[in-house]
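Please read the structure below before turning to the comments.
The values are calculated or read from the model by the stated rules, or taken from the named source; none is laboratory data. In this text, all values refer to a predicted model and were calculated from it rather than measured experimentally. So basically every Cβ, Gly included, is an ideal-geometry build from the backbone, and we count neighbours across all protein chains shown.
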């Protein structure tokens, strides 16, 4: 269970997609996801999928990573598919007992499942090619205008990137605490759901204590290194758009319009 | 470089709810002076106030009485903190709780970003500090995947990049294995000798301090002894009194002397002991 969590899906590489500014990738992914909502005819999902596969190829991400992205939502997809085909009424295709599947239901199910899968695949591609730090920096810069409205964008971005930094640290800590408790006879794996939740308490309390202690130490270390809340810092990696980004923007917008128009026409 | 005069620091310790908090005096009229370019060690058992003192050197804590001067800047929390933190950098005990960046490089950049170093200068400074600690080939790694010693060296590199005059290692070796500890100390000595950075080493490992120019011994918030390693280690009874132990080699030499070997005490390094033993054998000494 907890031991199997792998976070930080980043796939280390130096492909074209990796080298794009993360704001470009973020915008591209968003445009693609939005455009999927305009697709009605299931046939149209095929070019959408092809576009996505080309992007995966460009990012030199191994094919099995595509399936890996979908595996976590397989249950959701199956569930959606079955329910959508059953509950939608219309021309009956076939029926098993009192359950009947209609043509409209089937189409709707295909549409929904394809849409969710493609959305997840695009989001995974973004995660595979962008580190959390880059993502935080990109969001900070894109949302920088909100600073004028007194939204603490910089602080929030800093919190997000620190949170990501500490996920592996806390997972390791959970494992240590679990081992320590298990060695004293706590059995985390038996009993019903409520029992098992109760057994989590001796895990949660020490974890919280250590998290608070850690954050105090981290805050002190950050202060010692000259971090202040004034926010007037320089940047090691300036986010600068290059020619590649312009081309990528162009392709993303073109693709968006293409899907949008064909989706509205068909 | 650093001067502390009559420094007192106390904090309130809260017991169980309902009990009155008691005032604990962590530093009790501390006076000391640290010369530029020297390698200083501060030793003492747990709770002797050595870490509290270290935090005064960087403006993390301010004295309740007395003054700490960094060069000519008093650490009173009135505006010169940024300057002080650029002059004196600290490395703490737990490597996981002081690394902020997602890669080694990014972490080293953190301090530079805070000090508002222009972006164009950063690459060169990062390159130099990576080289100084010997982590150049790890620059793009995730700090989480490094060993404890490498993490501490990352933290040291982050400090060195700011080009401080003084580096405080606040029990920076306490969580490391012996080999990583030696490695971190080696880097600190190198920075001291080659870059002229004043190093203040806070530790309770006696073998780490034998090369220091000066040692301060602390007990109950008071600097009880100071001197060169030879002076401090000359009297084993003195250290015992403060719950500290001699380095193993020094202890061995004491034992041998008690058994009648005419050794010149104190002996700090294995090579020195060996040399003395060989001399005794050649001269046909007591044994």
Response to the item:
By my count, helices (runs of 4 or more DSSP H) wholly in the stretch A:170-266 with at least 1 residues that are in contact with a strand residue (DSSP E or B) (Cβ under 9 Å, 6 or more places away or on another chain) and either more than 14 Å from every other protein chain (Cβ to nearest Cβ) or free of Cβ contacts under 8 Å to residues at least 40 places away in the same chain (or both) are A:201-224
Practice prompt. Return the total of residues in the stretch A:47-61 being in contact with a helix residue (DSSP H, G or I) (Cβ under 9 Å, 6 or more places away or on another chain) and over 15 Å from residue A:120 (Cα atoms).
Written response: 5
Worksheet item: Based on what the data block shows, is residue A:162 more than 23 Å from residue A:29 (Cα to Cα), at pLDDT 85 or above, in a helix (DSSP H, G or I) and within 14 Å of chain B (Cβ to nearest Cβ)?
Response: yes
Discussion item. What's the number of the only condition in (1) more than 7 Å from chain A (Cβ to nearest Cβ); (2) closer than 21 Å to residue B:185 by Cα; (3) at pLDDT below 90 that residue B:47 fails to meet?
Written reply: (2)
Discussion item. Anything in the stretch B:125-166 that is free of Cβ contacts under 8 Å to residues at least 12 places away in the same chain and within 25 Å of residue B:82 (Cβ to Cβ)? List them, or say none.
Written reply: B:127
Item to complete: Output the number of the condition that residue B:122 fails; it satisfies all remaining conditions of (1) within 12 Å of chain A (Cβ to nearest Cβ); (2) closer than 20 Å to residue A:168 by Cβ; (3) without any contact (Cβ under 8 Å) to a residue 60 or more places away in the chain.
Response: (2)
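Residues are listed down the side, and each one gets a yes or a no for (1) surrounded by 11 or more Cβ atoms within 10 Å (Cβ to Cβ); (2) farther than 21 Å from residue B:209 by Cα; (3) in the same structural domain as residue B:178 (by TED's automatic domain parsing):
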{"position": "B:232", "(1), (2), (3)": "yes, no, yes"}
{"position": "B:235", "(1), (2), (3)": "yes, no, yes"}
{"position": "B:251", "(1), (2), (3)": "yes, no, no"}
{"position": "B:254", "(1), (2), (3)": "yes, no, no"}
{"position": "B:259", "(1), (2), (3)": "no, yes, no"}
{"position": "B:268", "(1), (2), (3)": "yes, no, no"}
{"position": "B:273", "(1), (2), (3)": "yes, no, no"}
{"position": "B:280", "(1), (2), (3)": "yes, yes, no"}
Discussion item. Would you confirm whether or not the stretch A:124-132 contains a residue that is more than 10 Å from chain B (Cβ to nearest Cβ), assigned to a helix (DSSP H, G or I) and more than 20 Å from the chain's Cα centre (by Cα)?
Written reply: no
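Given the structure, is residue B:9 outside the structural domain of residue B:181 (by TED's automatic domain parsing) and in contact with a helix residue (DSSP H, G or I) (Cβ under 9 Å, 6 or more places away or on another chain)?
Considered against the rule, which asks whether it is outside the structural domain of residue B:181 (by TED's automatic domain parsing) and in contact with a helix residue (DSSP H, G or I) (Cβ under 9 Å, 6 or more places away or on another chain), residue B:9 comes out as yes.
Results for (1) in contact with a helix residue (DSSP H, G or I) (Cβ under 9 Å, 6 or more places away or on another chain); (2) assigned by TED's automatic domain parsing to the domain that holds residue A:54; (3) within 23 Å of residue A:49 (Cβ to Cβ), shown as yes or no for each residue.
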| residue | (1), (2), (3) |
| --- | --- |
| A:93 | yes, yes, no |
| A:97 | no, yes, no |
| A:107 | yes, yes, yes |
| A:112 | yes, yes, yes |
| A:115 | yes, yes, yes |
| A:122 | yes, yes, yes |
| A:126 | yes, yes, yes |
Item to complete: Could you please let me know if residue B:203 is closer than 29 Å to residue B:176 by Cβ and either in contact with a helix residue (DSSP H, G or I) (Cβ under 9 Å, 6 or more places away or on another chain) or at pLDDT below 90 (or both)?
Response: yes
Worksheet item: Within the stretch B:92-105, how many residues turn out to be within 7 Å of another protein chain (Cβ to nearest Cβ) and over 25 Å from the mean Cα position of the chain (by Cα)?
Response: 1
Worksheet item: Considering only the stretch A:37-72, how many residues are at pLDDT below 85 and outside any loop (DSSP other than H, G, I, E, B)?
Response: 8
Worksheet item: Is it the case that some residue within the stretch B:38-59 is in contact with a strand residue (DSSP E or B) (Cβ under 6 Å, 6 or more places away or on another chain), at positive phi and outside the structural domain of residue B:238 (by TED's automatic domain parsing)?
Response: no
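Please go through the stretch B:71-94 and pick out each residue that is in contact with a helix residue (DSSP H, G or I) (Cβ under 8 Å, 6 or more places away or on another chain) and crowded, with 23+ Cβ neighbours inside 10 Å. Working first, answer last.
Just the residues of the stretch B:71-94 that are in contact with a helix residue (DSSP H, G or I) (Cβ under 8 Å, 6 or more places away or on another chain), to begin with: B:71, B:73, B:75, B:85, B:89-92, B:94.
Result: B:75, B:85, B:89, B:90, B:91, B:92.
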Discussion item. Testing residue A:218 on (1) within 27 Å of residue A:234 (Cβ to Cβ); (2) exposed (fewer than 12 other Cβ atoms within 10 Å of the Cβ), one condition comes back false. Which one is that?
Written reply: (2)
Discussion item. Is it the case, given these coordinates, that residue A:142 is crowded, with 19+ Cβ neighbours inside 10 Å, closer than 30 Å to residue B:140 by Cα and touching a helix residue (DSSP H, G or I) at 6+ places or on another chain (Cβ under 9 Å)?
Written reply: no
